[in-house]
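The values are calculated or read from the model by the stated rules, or taken from the named source; none is laboratory data. Remember, it's a predicted structure, so these values are computed and weren't measured experimentally. Don't worry about glycine lacking a Cβ; one is built from the backbone with ideal geometry, like all the others, and counts go over all protein chains shown. All accessible areas refer to the heavy atoms of the entire protein, side chains included, with ligands and DNA or RNA removed. Shrake-Rupley method; radii C 1.70, N 1.55, O 1.52, S 1.80 Å.
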Amino acid sequence: MKSEARRNPHFKPGFLERWGRKVLVELASSRQSLTKKSNESQEGYLSENKFHIGSQRLIISGVFWSFWIGFLPSVLFVFFLGFGPGFDTSHLTVQSVLWFLGLLIFWTVIEFYLLFRLGFFLAYKMAELAEMELANEPELYTPLPSMLARIVLEIPDPRILIYGIDPYKHLNKRAALVSTILYKSKVFLSNISAKFILKAIIGRSSLRYWIEYISGPITGLWDSITTYIILRELQKRIITRKISNYLLNEITNLHLSQRNLNQIIRTVALAIVFTKTFHPNFEFLILRLVGYYEDIESLQELDNWEIWLSGFESLSKEEKTLNLKLFAILSAFDGKLNREEKMGFLEIQKHSDLLGLEFTESLCKKINEGKLIECLKMVREFWT
C-alpha cells in the first residue's frame, strides 16, 4: 500500500505482544471458521444476542476463573514457604530471603502465565462473537490480534508518530509519566503488599500461620477486578473496530474528491489529538484512508487545528456535515468525552449548526454497555 511510504521503521512490538499475537492467531486458525450469515437483518439479530449476552457471560466466566488463578498460587506460595528457612522480618538471612524471592517469582510467573492464557482465550471468543477474523494485517502497526493482545497483557498503546500526528501534543507530560510509573508498578505492589508487607505487619501474631493465607483471596480479588476491567476494554475496542470497518467502507464507497478525502484524514487526526492517544482503531482508519490518497507527500501537519479549519471552510455544506459526523463518531471511541473533546465540539459549533455532542454522549453510553448492534445502528442512522 502507498501508506507504507511514511511508516515508522523504528517501531517494533515487544516480546510479550508478539507472543500474545501469535497465540491469538493460532487459536483462530485451530478452530472452525466463523459461520457467515445470509442477510443483514438475520446477522443483526443473532449478533446482538451473541455479542452482548455472550460477552457478558465471558466477563463473568473470566472474573470467576481469574479469582482462582490468583487465589491458588498465593495459597501454594504460603504453603511451600513453610518448608524452607524461616522467614521472619525481624531476623532475615540470605537463605530465607532467597527462598522467599524464589517462591514469589515462581508462583507469580505461574499466576500471570495462566491469567494471560485465559485472557487470550476470552479475547478470541469475544472477537468470534463479533464475527471478526483474527488475521495478520502487515500494513498496520496494530492488527486486530495485536490490539487484543495488548489489552490482555495491559500494554499501553505505543507512543508512535504516524504521518506526524502527535496525540500527546496537549498532554501533560509530567502527569503522564507519573501515571505510567504507577500503572507499571501496580501488579508488583499488589503482590508484594499481599505476600510481604502483610507478613511484616502480622508476623509476630500467634495466628500468623493462618492469617498469611489472606494473601490468597486478596490476590484472587485483585486478579478478578483486573480481568473485569480488561474484558470491558476488549468489548469497547471490538465494538469500535466494527464501527471503524463500517466507516471505512462508507467513506471509500462515496468516491470522495481528493480535497474532501484530505479533510477526512485530517478529521481523524484531529480526533486523535483530542482523545490524546493513538487508539488502534484510529490507526486502522488513518493507515487505510491514506492508502486511497494520491499525493501522500502533501499530507503535512495533519494534526494542525488551523489547517483543518481552513480546509473545512472551503468544503460544501454536505462535505462539512460528513466531516463533523465523522468527528462526532470518533470522539466516542474510548467510551468517554474528555475536556478537550468537549471544547473541540464547542469550537466546531461556531462554524456549523451540527454539533453532534448529544449523539456522541449516547454512543459512548452504548459502547460502555457493550451493545454492538445498537452502536452500529446508531452510527448508520447518524451517518446517513
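Residues of the stretch 136-164 that are surrounded by fewer than 18 Cβ atoms within 10 Å (Cβ to Cβ) and not acidic (Asp, Glu): Asn136, Pro138, Ile155, Pro156, Arg159, Ile160, Leu161, Gly164.
On the basis of being touching a Leu at 6+ places or on another chain (Cβ under 9 Å), loosely packed, with under 14 Cβ neighbours inside 10 Å, farther than 15 Å from Glu17 by Cα and at pLDDT 85 or above, does Glu133 make the cut? Don't jump to the end; show me each part of the working.
Working: touching a Leu at 6+ places or on another chain (Cβ under 9 Å): yes; loosely packed, with under 14 Cβ neighbours inside 10 Å: yes; farther than 15 Å from Glu17 by Cα: yes; at pLDDT 85 or above: yes.
The answer is yes for Glu133.
Among the candidates Leu346, Leu337, Leu315, Leu309, the residue that is hydrophobic (A, V, I, L, M, F, W, C), open to solvent by 10 Å² or more (accessible area, probe 1.4 Å), more than 30 Å from Ala127 (Cβ to Cβ) and not in a helix (DSSP H, G or I) is uniquely Leu315.
With the structure loaded, tell me whether Ser29 is part of a helix (DSSP H, G or I) and either at pLDDT below 75 or open to solvent by less than 30 Å² (accessible area, probe 1.4 Å) (or both) or whether it fails that test.
Values: part of a helix (DSSP H, G or I): yes; either at pLDDT below 75 or open to solvent by less than 30 Å² (accessible area, probe 1.4 Å) (or both): no.
In short, no.
Between Arg380, Arg288, Arg339, the distinction of being charged (D, E, K, R) and without any contact (Cβ under 8 Å) to a residue 24 or more places away in the chain belongs to Arg339 only. For Gly84, the conditions (1) open to solvent by 20 Å² or more (accessible area, probe 1.4 Å); (2) under 30 Å from Lys236 (Cα atoms) are fulfilled apart from (2).
Only one of the listed residues (Val23, Val63) is at pLDDT 60 or above, within 22 Å of Arg241 (Cα to Cα) and in contact with a Phe, Trp or Tyr (Cβ under 7 Å, 6 or more places away or on another chain). That residue is Val23.
In the condition set (1) free of Cβ contacts under 8 Å to residues at least 24 places away in the same chain; (2) in contact with a helix residue (DSSP H, G or I) (Cβ under 6 Å, 6 or more places away or on another chain), Lys317 is compliant with all but (2).
To keep it simple, each residue is scored yes or no on (1) touching a Gly at 6+ places or on another chain (Cβ under 6 Å); (2) at pLDDT 85 or above; (3) basic (Lys, Arg).
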{"residue": "Lys36", "(1), (2), (3)": "no, no, yes"}
{"residue": "Leu46", "(1), (2), (3)": "no, no, no"}
{"residue": "Leu81", "(1), (2), (3)": "no, no, no"}
{"residue": "Phe116", "(1), (2), (3)": "no, yes, no"}
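Considered as a group, the residues in the stretch 359-375 that are of a type in the set (A, V, I, L, M) and within 16 Å of Ala127 (Cα to Cα) include one that is surrounded by the fewest Cβ atoms within 10 Å (Cβ to Cβ), and that residue is Ile373.
Scanning the stretch 278-291 for residues that are among the aromatic types (Phe, Trp, Tyr) and modelled with pLDDT of 85 or more yields a total of 2. Considering every residue within the stretch 218-239, establish whether at least one is at pLDDT 85 or above, in contact with a Cys (Cβ under 8 Å, 6 or more places away or on another chain) and under 30 Å from Leu324 (Cβ atoms). Within the stretch 218-239, one or more residues are at pLDDT 85 or above, in contact with a Cys (Cβ under 8 Å, 6 or more places away or on another chain) and under 30 Å from Leu324 (Cβ atoms).
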